[in-house]
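Colleague: Below you will find the structure I want to go over with you.
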Amino acid sequence: MGTARAARAHIIWTSIALVLISIASCLAYVFMSKVSGGQIISTVNVSAIESMFRHQVSRGKWLLKVQACNHIDNRLVWDDEWEDHRNNGESILDHNKTWIVIREKGVYLVYIQVNFALPQKNSTYTVDLKLLVDLNYEQPEMFSATHDTQVVNANTSQDAKLNTFHLIYMQSTSQLSVRVFPSDLVNYETRPFSTFITIIKWADNW
């Protein structure tokens, strides 16, 4: 059972990582070219990436799936999909599992996707969806916001997704969390999970 779970996680992570790295290569080129003294990241070697994912899950990459939501502040509660496969056993989550705690400073690729299950009603209605990313280092502040308005037709139910991608420089002990609205519509299905965060440490510095 554990082997099958690890294999599924490996396939999901590899697919996500290759897509993110392709996007990040383009973004990094643009960002690096604008930073004084910055070095341009060279072309990604796909075979090297595949080799990297054959090794034990490290402190530099995580896949977190949604577990619940704290309805007091609308922060999502996370579960580390690979917690059982880490050598050091150190969790990236705080005791409430709402804040992701960075252990090493560096540049990180962060992809967040939230799936909303929009309920069926007798008449057409609209719903405003929001995804807020909070970054906490010396003091908490909203880092980004993504929103959308969905029109749900009468007598039909549907899903809606919000996603956001970031290339962030974070310090050691930086913390990141996600707030969603309306939080009661978030899909918490564990298999297959569609509300998740992937984090990859890209470099030590810009």
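Throughout, read-outs are computed from the coordinates displayed, never taken from laboratory work. Quick caveat, the model's predicted, so the values are computed rather than measured. When we count neighbours, we look across all protein chains shown, and the Cβ atoms used for this are built from the backbone with ideal geometry, even at glycine.
Colleague: Between Thr173 and Ile72, what length comes free when the chain is fully extended (0.36 nm per residue of separation minus the Cα-Cα distance, one decimal in nm)?
Modeller: Values: separation 101, 0.36 × 101 = 36.36 nm, distance 2.40 nm.
Contour length minus Cα-Cα distance gives 34.0 nm.
Colleague: Please work out how much length the chain gains when fully extended from Asn187 to His147, using 0.36 nm per residue of separation minus the C-alpha to C-alpha distance, in nm with one decimal.
Modeller: Details: separation 40, 0.36 × 40 = 14.40 nm, distance 1.68 nm.
Net length gain for the segment: 12.7 nm.
Colleague: Where the centroid of each part is defined by its Cα atoms, how far is segment 106-126 from segment 157-206 in Å?
Modeller: Centre-to-centre distance over Cα atoms comes out at 11 Å.
Colleague: Can I ask one more? Going by how many other beta carbons lie within 10 Å of each one, how would you line up Val186, Val101, fewest first? Don't skip to the end; give the middle numbers.
Modeller: Numbers: Val186 19, Val101 15.
The most exposed by this proxy come first: Val101, Val186.
Colleague: Computed over the Cα atoms of segment 60-203, what is the convex hull's projected area averaged over all directions, in nm²? Each step should come with its number before you reach the end.
Modeller: Values: hull surface 35.7 nm².
For segment 60-203, the mean projected area of the Cα convex hull comes to 8.9 nm².
Colleague: Sticking with this one: Hand me the tally of lysine pairs in segment 60-203: alpha carbons under 27 angstrom apart, and the pair either on different chains or 8 or more positions apart.
Modeller: Lysine pairs meeting both conditions in segment 60-203 amount to 20.
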